[in-house]
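Trainee: There's a structure below that I have some questions on.
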Amino acid sequence: MSKIILENMEFHAFHGCLDFEQKLGNTFVVSVTMELDTMHAGQTDDLEHTLNYQSVYDVVKREMKTPSKLIEHVGQRIFDSIFKEFQQIKELEIKLSKLNPPLGGKVERVTIELKKSR
């Protein structure tokens, strides 16, 4: 098994419970770790034999465009979409962070992590 990792994809999105978060948006960072068999791709040098991570990025981008109140909801949508669309993934981990959350003090980020194996 191998891992393909898309690290620290950054998006400006409109997720949050507060009105100003839904209007002004915030910066979010997403990392996706996918465990799958890449041996055949390593031997053939053919994209058809592996996971096209451009397609994974496109799924994350699509889900980040849909506003949600909770990052738990956004993270679950991203997770479910990737797990459903890419059957070759044996184990999937998603990390979704909201930078500078409005908590009344200095907090760099709040992060949710989701992980599942087939």
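Trainee: Among the candidates E63, E35, which residue alone is modelled with pLDDT of 95 or more, closer than 20 Å to A13 by Cα, buried (at least 17 other Cβ atoms within 10 Å of the Cβ) and acidic (D, E)? Can you show your working first?
Mentor: Values: E35 fails: closer than 20 Å to A13 by Cα.
The match here is E63.
Trainee: Residue by residue through region 90-111, note down the ones that are under 22 Å from Q22 (Cβ atoms) and not in a loop (DSSP other than H, G, I, E, B).
Mentor: L96, S97, K98, L99, R109, V110, T111
Trainee: Here's another thing I want to ask about it. Taking the stated definitions as given, is T38 free of Cβ contacts under 8 Å to residues at least 24 places away in the same chain and more than 29 Å from R109 (Cα to Cα)?
Mentor: On the way: free of Cβ contacts under 8 Å to residues at least 24 places away in the same chain: no; more than 29 Å from R109 (Cα to Cα): yes.
So T38 does not fit the description; no.
Trainee: For region 68-81, does any single residue satisfy the condition of being in contact with a Ser or Thr (Cβ under 9 Å, 6 or more places away or on another chain), among the acidic types (D, E) and at pLDDT 95 or above?
Mentor: no
Trainee: Please pick out the residue among L96, L114, L47 that is surrounded by 15 or more Cβ atoms within 10 Å (Cβ to Cβ), more than 20 Å from N26 (Cα to Cα) and of a type outside the set (G, A, S). Write out each step before concluding.
Mentor: Details: L96 fails: more than 20 Å from N26 (Cα to Cα); L47 fails: surrounded by 15 or more Cβ atoms within 10 Å (Cβ to Cβ).
Going through L96, L114, L47 in turn, the sole match is L114.
Trainee: Going through V59, V32 one at a time, which residue ends up being closer than 25 Å to S117 by Cα, β-branched (V, I, T) and touching a strand residue (DSSP E or B) at 6+ places or on another chain (Cβ under 8 Å)? Full working, then the answer.
Mentor: On the way: V59 fails: touching a strand residue (DSSP E or B) at 6+ places or on another chain (Cβ under 8 Å).
One residue alone meets the criteria, V32.
Trainee: Kindly provide the set of residues from region 7-32 that are buried (at least 17 other Cβ atoms within 10 Å of the Cβ) and assigned to a strand (DSSP E or B), ordered by number.
Mentor: Initially, region 7-32 is screened for residues buried (at least 17 other Cβ atoms within 10 Å of the Cβ), giving 11, 13, 15-16, 21, 26, 28, 30-32.
If the condition is that a residue be buried (at least 17 other Cβ atoms within 10 Å of the Cβ) and assigned to a strand (DSSP E or B), then F11, A13, N26, F28, V30, S31, V32 are the ones that fit.
Trainee: I've got another one for you. Output the number of residues of region 66-89 satisfying the condition of being surrounded by fewer than 12 Cβ atoms within 10 Å (Cβ to Cβ) and in a loop (DSSP other than H, G, I, E, B).
Mentor: Step one: filter region 66-89 for residues surrounded by fewer than 12 Cβ atoms within 10 Å (Cβ to Cβ), giving 84, 87.
Then keep just the ones that are in a loop (DSSP other than H, G, I, E, B); that gives 87.
Number satisfying all stated conditions: 1.
The values are calculated or read from the model by the stated rules, or taken from the named source; none is laboratory data. Please read all numbers here as calculations on a predicted model, not as lab measurements. For neighbour counting, all protein chains shown are included, and Cβ atoms are generated from backbone atoms with ideal geometry for every residue, glycine included.
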